[in-house]
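*Asks:* Below is a structure I'd like to ask you about.
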Amino acid sequence: MLKGRARTVTIILLTAYTVLMLYFLYIGFNRASDIHDGGYRYNLIPDGIPLYLPIGHNLKIWFFNFANFAAFLPYGILVPQLFPCRFLRFISIFLVSIVLLETVQMVTHLGSFDIDDVLINTLGAAIGFLAQQLVRPPKDSVKGLSKIVFITILLSIGTTVTIQGVNHLFAQATKIEAGKEIGLHELPLKSGSVAWETGLTGFEAGRKEVEPQMNVLSRNNSGNCTFTYQLDGKYLTFSSYSAIPDDIFHGESTVIITVDGVEASRSTYIADGKEREVPAYSEMDIQGAQELTISIMNEDQNPNINVLMWDAILTEIKK
């Protein structure tokens, strides 16, 4: 445990580091430019821990993912030396904190809640904790700190190689090829009512010309409508674009996509005079799903839908 001046200096440095982290989480990377985005963005389904060696990969993407891991190593190294605690207590408090920070990012529209980020951040803290645990006291000496840094590097490399291997094996074992694409309008409705247009006409959204390629929701649909399709586990992904057309000056709508009774996506779209949102693209894994339900709700008095969904496509599982 750090004591005296070493403890004071460490607390000051860790506090400054935390402030810097919060800056990048909520202000840096031009996050304020997304603050008018009405939709909540989140990913609740793990897609594997994005940790791998940089060889053969895009360096920018690799650096971003590795930084998400390495940036939290100091917490695992320093917090237990400032406030002695067992691993389970440390990692539980850290996990709750990260989930809270990710949630704040989502509700403030300054980012998204991503379960993959939660996993890789927590892994970084866990490796840092293990590294300092493997070094015998005194840990605040130059020799002790050098050992911690060296062990942290070794564990980080070993963890990266291991996870890359596990991800590769898992991807090979669960690989499913995509089949042909089918427009959602081609499926018979299981329940509800909705009208699609296939005589496609372009429109403007987010001050950009939109040219639907497969289908588009009819503007004559009720401002509050819910419709369900039977999927029977035949499809791999569902994708679509959504936006409020520029010719609607004031309006607000929420689109909820539910898969097998579980809400998979909720997005809110707002048109407020000159403020226009760019079209949003959504793609989700629906492998094995039996039902897909879409609910569109106007948050104003407009009797017809404000938001349009187009190129709503199901990708079959190749047989």
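Each row is one residue, and each column tells you yes or no for (1) modelled with pLDDT under 90; (2) among the charged types (D, E, K, R).
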site	(1), (2)
GLU211	no, yes
THR228	no, no
THR237	no, no
TYR241	no, no
ILE244	no, no
GLY251	yes, no
ARG276	yes, yes
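*Asks:* Please go through the stretch 261-286 and pick out each residue that is exposed (fewer than 15 other Cβ atoms within 10 Å of the Cβ) and not in a strand (DSSP E or B).
*Replies:* GLY261, GLY273, LYS274, VAL278
*Asks:* Give just the number: which of (1) hydroxyl-bearing (Ser, Thr, Tyr); (2) under 16 Å from the mean Cα position of the chain (by Cα); (3) at pLDDT 85 or above does TYR40 not satisfy?
*Replies:* For TYR40, the failing item is (3).
*Asks:* Go through the stretch 134-191 and give me each residue that's in contact with a helix residue (DSSP H, G or I) (Cβ under 9 Å, 6 or more places away or on another chain) and polar (S, T, N, Q).
*Replies:* THR152, SER156, THR159, THR160
*Asks:* Sticking with this one: Could we say that LYS208 is of a type outside the set (A, V, I, L, M, F, W, C), surrounded by fewer than 16 Cβ atoms within 10 Å (Cβ to Cβ), in contact with a Pro (Cβ under 8 Å, 6 or more places away or on another chain) and farther than 15 Å from ILE313 by Cβ here?
*Replies:* Yes; evaluated as a whole, the condition is true for this residue.
*Asks:* Can you say whether ALA178 is over 23 Å from PHE63 (Cα atoms) and among the small types (Gly, Ala, Ser), as far as the supplied structure shows?
*Replies:* When the stated conditions are applied, ALA178 passes them.
*Asks:* I've got another one for you. If you go through the stretch 287-313, how many residues are farther than 25 Å from ASN43 by Cα and either outside any loop (DSSP other than H, G, I, E, B) or of a type in the set (S, T, N, Q) (or both)?
*Replies:* Going through the stretch 287-313 one residue at a time, the tally reaches 4.
*Asks:* Here's something else I'd like to know. Could you please let me know if PHE227 is in contact with an Asp or Glu (Cβ under 8 Å, 6 or more places away or on another chain) and of a type outside the set (A, V, I, L, M)?
*Replies:* For PHE227, the condition - in contact with an Asp or Glu (Cβ under 8 Å, 6 or more places away or on another chain) and of a type outside the set (A, V, I, L, M) - is not met.
The values are calculated or read from the model by the stated rules, or taken from the named source; none is laboratory data. If you're wondering where the values come from, they're calculated on a predicted model, not measured in any experiment. All Cβ positions, glycine included, derive from the backbone under ideal geometry; neighbour counts span all protein chains shown.
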